[in-house]
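Note sheet for the following structure.
The values are calculated or read from the model by the stated rules, or taken from the named source; none is laboratory data. Treat the numbers as computed from the prediction; the structure is a model and nothing was measured. Backbone-built Cβ (ideal geometry, glycine too); neighbour counts: all protein chains shown.
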Amino acid sequence: MSFTVAIVGRPNVGKSTLFNRLVGKRLAIVDDTPGVTRDRREGQGRISDMKFSIIDTAGLEDAMDGSLEARMREQTSIALNEATVALMLIDARAGVTPLDSHFGRWIRQQGVPLILVANKCEGRAGIPGLAESYSLGLGEPLAFSAEHGEGMSELYDALLPYTKRNKVDDVNEEFSNDYKGDEDDGANRAISMAIVGRPNVGKSTLVNCLLGEERMLTGPESGITRDAISTSWLYDTREIKLVDTAGLRRKSRVSEKVESLSTADSIRAIKFAQVVVLVLDSQDLLEKQDLTIARRVINEGRVLVIAVNKWDLVKEPKKTLGKLSDRLQTSFPQARGIPIITLSAKNGRGTKRLLPAVMNIYDLWNKRISTGALNRWLECITAHHPPPLTSGLRIKLRYMTQAKTRPPTFVVFASRPEKLPESYSRYLVNALREDFELPGVPLRLHTKKGNNPYAKKK
């Protein structure tokens, strides 16, 4: 990316809509409610052949120090410091407000080149506001409509002076792409790791602790995070895409539209993640909602790691950890072997043990077992505990192979697969996990009809 663009403005002027338009995806939550966006969100924007990094920011509000709005404004300041140019949006239909004028002066003081964008100019309703925007003294405004995509060519021309394309680097990049070998980039691909849990358990604080900076907005208020915010991070030469998510409450307790959108965004983050870290509050361990989230992760076939936060507040660590393990075994048998890491995100204690545990179980998630080893194991396991009789006939398990990894998925060819009891399938899965040392990894087992190759010759 040759340059970085930050989108700023007061609440509800269409910043997230413009962000989604430029990245070409509905990444940011958009709603008519002011102040939906709180954290800064980064993405890869594009207009025709122009590519750039883009940052969506929270709506600017005049707030006292220490408040949530003031902390949101600090995040916007960080975005401006990283930006090559800023797009200041105003609502042309509402006209220039005193808040627009106030923050126009504030942004000008930041020393960042500024482009004034008069949004919502579709039709004739925005014409008076467009004319009024000249009073801000921020140069000629761009008539734009983020929702309908009007004004993209004008925005392209306005951003063109900020592109710093190195022709030599471009040629070298094209050359390397043309002559790329058949490398297995799976080992080098970034690991997507989602941080999930109930509201106010310390997810954003944990992300900030891992990154070593105040990347996510935190505070005592419940439900600060609304978007699933992704941040690239390098751990031991391996790129990790950290995704901070909104707190997941019981479906029956979600009534507001914005929270339902945040919940859907968090669930989508789980589906697209490879590793999911479920954060628990040590003072309120393993509620029903925690188990619901854990089951969703396992059912999606994702790697699950449990992080028990606020461990510095626990008075009897051994007793508390024992209760947690017992509760997991009784309420969630699929959790057998799942890593449990105790930590304190606030002071950083125990956080260094999280990533090694994540990398270890991630490698198991990618493990492949040879067909020969599987069939030797199958012969041994069926001799020790054969499948049950059905209608007086024994089900024969003829052959076994691993179909894929991520998660490890196995196929057993049987004489009558539809008659194989679910209990025996669970027995095979548990035996696989134990004998091939796959603790905490979700496994899939499918049965298929094993055709007799000599049936037609009789």
Residue match in segment 379-387 (condition: surrounded by 14 or more Cβ atoms within 10 Å (Cβ to Cβ), in contact with a helix residue (DSSP H, G or I) (Cβ under 8 Å, 6 or more places away or on another chain), more than 18 Å from Glu437 (Cβ to Cβ) and not assigned by TED's automatic domain parsing to the domain that holds Val297)
yes
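Listed here are the residues, each with its yes/no results for (1) closer than 28 Å to Ala403 by Cα; (2) under 24 Å from the mean Cα position of the chain (by Cα); (3) among the polar types (S, T, N, Q).
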residue	(1), (2), (3)
Ser331	no, no, yes
Ala357	yes, yes, no
Tyr362	yes, yes, no
Asn366	yes, yes, yes
Ala373	yes, no, no
Counting only residues that are in contact with a strand residue (DSSP E or B) (Cβ under 7 Å, 6 or more places away or on another chain) and without any contact (Cβ under 8 Å) to a residue 40 or more places away in the chain, which one in segment 326-343 is surrounded by the most Cβ atoms within 10 Å (Cβ to Cβ)?
Ile341
Restricting the search to segment 294-330, which residues are over 18 Å from Val441 (Cβ atoms) and aliphatic (A, V, I, L, M)?
Val308, Leu313, Val314, Leu321, Leu324
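Got a sec? Which of Arg38, Arg46, Arg73 is at pLDDT below 75 and either more than 16 Å from Ser230 (Cβ to Cβ) or not charged (D, E, K, R) (or both)? Walk me through it before giving the result.
Values: Arg38 fails: either more than 16 Å from Ser230 (Cβ to Cβ) or not charged (D, E, K, R) (or both); Arg46 fails: at pLDDT below 75.
So the residue among Arg38, Arg46, Arg73 that is at pLDDT below 75 and either more than 16 Å from Ser230 (Cβ to Cβ) or not charged (D, E, K, R) (or both) is Arg73.
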Here are the criteria: (1) of a type in the set (Lys, Arg); (2) under 30 Å from Tyr235 (Cβ atoms); (3) surrounded by 15 or more Cβ atoms within 10 Å (Cβ to Cβ). Tell me which single one Arg444 does not satisfy.
(3)
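If we scan segment 404-427, do we find a residue that is touching a Gly at 6+ places or on another chain (Cβ under 7 Å), on the phi < 0 side of the Ramachandran plot and loosely packed, with under 15 Cβ neighbours inside 10 Å? Talk me through it step by step, then tell me what you get.
Taking segment 404-427 first, the residues touching a Gly at 6+ places or on another chain (Cβ under 7 Å) are 407, 413-415.
Then drop every residue that is not on the phi < 0 side of the Ramachandran plot, which leaves 407, 413-415.
When the remaining residues are screened for being loosely packed, with under 15 Cβ neighbours inside 10 Å, the result is none.
Looking through segment 404-427, none of the residues is touching a Gly at 6+ places or on another chain (Cβ under 7 Å), on the phi < 0 side of the Ramachandran plot and loosely packed, with under 15 Cβ neighbours inside 10 Å.
Let me confirm something: among Lys315, Lys323, Lys346, which residue is over 24 Å from the mean Cα position of the chain (by Cα), part of a loop (DSSP other than H, G, I, E, B) and in the same structural domain as Val201 (by TED's automatic domain parsing)? Working first, answer last.
On the way: Lys323 fails: part of a loop (DSSP other than H, G, I, E, B); Lys346 fails: over 24 Å from the mean Cα position of the chain (by Cα).
Just a single option satisfies the conditions, and that option is Lys315.
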